[in-house]
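*Asks:* A single structure is presented below for examination.
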Amino acid sequence: MKVERKKLSLLQQTYLPQIAAGMITTLGNTLPRERVTSQYPEAPTPIPPGYRGVPALVRDETGRIKCVACQLCEFVCPPEAIKIVAAEFPGSNVEKYPARFDLNMLRCIYCGMCEEACPEEAIFLSDVATFVVGSRDEAVLPKEKLLELGGVRPMPIRKWASK
Ligand code: SF4
Ligand code: SF4
């Protein structure tokens, strides 16, 4: 398909209207007006509802980890950030639990697919927006750290995940 180029008028060919429009925008931004400066990190930036932060695992009311190691999240995770080692839950009618649940935050793209796929509502993207580590190894969050994140943060269950 051939797209015809729009013919420019003589004035447009001088680029003066475009330059004038740019100058007006620049001038508008240099005039005194109310500025909003974020004082982060001293004053935390408000996190909007539905923010997708660091994934976290949650426990149920009895303190048991909700994850049943079905490995659906591991399967759907696009960058393969999740690694699960399943084990049998001794003396319980729950078949499996994750003996290991590692989440590589260097790979995670905060897409939320794990949360969407989880049949147990065991993993959620928390509102933790800052994530700082000292080494690549520290960026791989173990189950205990993920549970800590899930345990101390309110996990709003999204409408599409609460069915
Ligand atoms: S948010 Fe996306 S990339 Fe991160 S662990 Fe979940 S599925 Fe994987
Ligand atoms: S977090 Fe959910 S989807 Fe992932 S293994 Fe556990 S139960 Fe399955």
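*Asks:* Is there any pair with a first residue in the stretch 105-122 that is closer than 19 Å to ARG64 by Cβ and a second that is more than 14 Å from ligand 2 (Cβ to nearest atom) and not in a loop (DSSP other than H, G, I, E, B) whose Cβ atoms are under 8 Å apart and which are 6 or more apart or on different chains, and what are they?
*Replies:* Going by the 8 Å Cβ cut-off, there are no qualifying pairs.
*Asks:* Among what's in the stretch 80-102 and is part of a loop (DSSP other than H, G, I, E, B) and of a type outside the set (A, V, I, L, M), pick the residue that is nearest to ILE47 (Cα to Cα).
*Replies:* Initial filter on the stretch 80-102 (part of a loop (DSSP other than H, G, I, E, B)): 80-81, 89-95.
From the residues that got through so far, the ones that are of a type outside the set (A, V, I, L, M) too are 80, 89-93, 95.
On the way: GLU80: 27, PHE89: 37, PRO90: 40, GLY91: 41, SER92: 39, ASN93: 39, GLU95: 37 Å.
For the stretch 80-102, the residue satisfying everything is GLU80.
*Asks:* Let me confirm something: among ALA56, ALA43, ALA129, which residue is touching a residue at least 12 places away in the same chain (Cβ under 8 Å), assigned to a loop (DSSP other than H, G, I, E, B) and hydrophobic (A, V, I, L, M, F, W, C)? Working first, answer last.
*Replies:* Values: ALA56 fails: assigned to a loop (DSSP other than H, G, I, E, B); ALA43 fails: touching a residue at least 12 places away in the same chain (Cβ under 8 Å).
After ruling out the rest, the residue left standing is ALA129.
*Asks:* Can you give me the number of residues within the stretch 99-120 that are away from ligand 1 (no atom under 14 Å from the Cβ) and over 14 Å from VAL76 (Cα atoms)?
*Replies:* Let us first name the residues in the stretch 99-120 that are away from ligand 1 (no atom under 14 Å from the Cβ), namely 99-100, 119-120.
Now restrict to residues that are over 14 Å from VAL76 (Cα atoms): 99-100, 120.
The number of residues fulfilling the criteria is 3.
*Asks:* Can you work out which of the residues in the stretch 103-114 that are touching a Lys or Arg at 6+ places or on another chain (Cβ under 9 Å) and either open to solvent by 10 Å² or more (accessible area, probe 1.4 Å) or part of a loop (DSSP other than H, G, I, E, B) (or both) is farthest from ligand 2 (Cβ to nearest atom)?
*Replies:* Going through the stretch 103-114, the residues touching a Lys or Arg at 6+ places or on another chain (Cβ under 9 Å) turn out to be 103-104, 106, 110-112.
Adding the requirement that they be either open to solvent by 10 Å² or more (accessible area, probe 1.4 Å) or part of a loop (DSSP other than H, G, I, E, B) (or both) leaves 104, 106, 110-112.
On the way: ASN104: 15, LEU106: 19, TYR110: 16, CYS111: 14, GLY112: 12 Å.
Among them, the one singled out is LEU106.
*Asks:* Still on this structure, I have one more. Only residues that are closer than 20 Å to THR130 by Cβ and hydrophobic (A, V, I, L, M, F, W, C): list them for the stretch 73-110, please.
*Replies:* Within the stretch 73-110, ALA81, LEU103, MET105, LEU106, CYS108, ILE109 meet the criteria.
*Asks:* Can you name every residue in the stretch 49-75 that is at pLDDT below 90 and either more than 16 Å from ligand 2 (Cβ to nearest atom) or polar (S, T, N, Q) (or both)?
*Replies:* Correct list: PRO49, GLY50, GLU61, THR62, GLY63.
*Asks:* Please identify the pairs in which a residue from the stretch 140-163 that is open to solvent by 90 Å² or more (accessible area, probe 1.4 Å) has its Cβ atom under 9 Å from the Cβ atom of a residue that is hydrophobic (A, V, I, L, M, F, W, C) and modelled with pLDDT under 90, counting only partners at least 6 apart or on another chain.
*Replies:* Every condition considered, the pairs that remain are ARG153/VAL128.
*Asks:* Determine the pairs where a residue that is basic (Lys, Arg), located within the stretch 77-101, has a partner that is at pLDDT 95 or above and open to solvent by 50 Å² or more (accessible area, probe 1.4 Å) with Cβ atoms under 7 Å apart, the partner being 6 or more residues away or on another chain.
*Replies:* So the pair list comes out as ARG100/VAL85.
The values are calculated or read from the model by the stated rules, or taken from the named source; none is laboratory data. No experiment lies behind these values; they were computed from the predicted model shown. With ideal geometry, Cβ positions are generated from the backbone for all residues, glycine too; neighbour counts draw on all protein chains shown. Quick note on the areas: whole protein, heavy atoms, side chains included, nothing else; ligands and nucleic acids left out. Shrake-Rupley method; radii C 1.70, N 1.55, O 1.52, S 1.80 Å.
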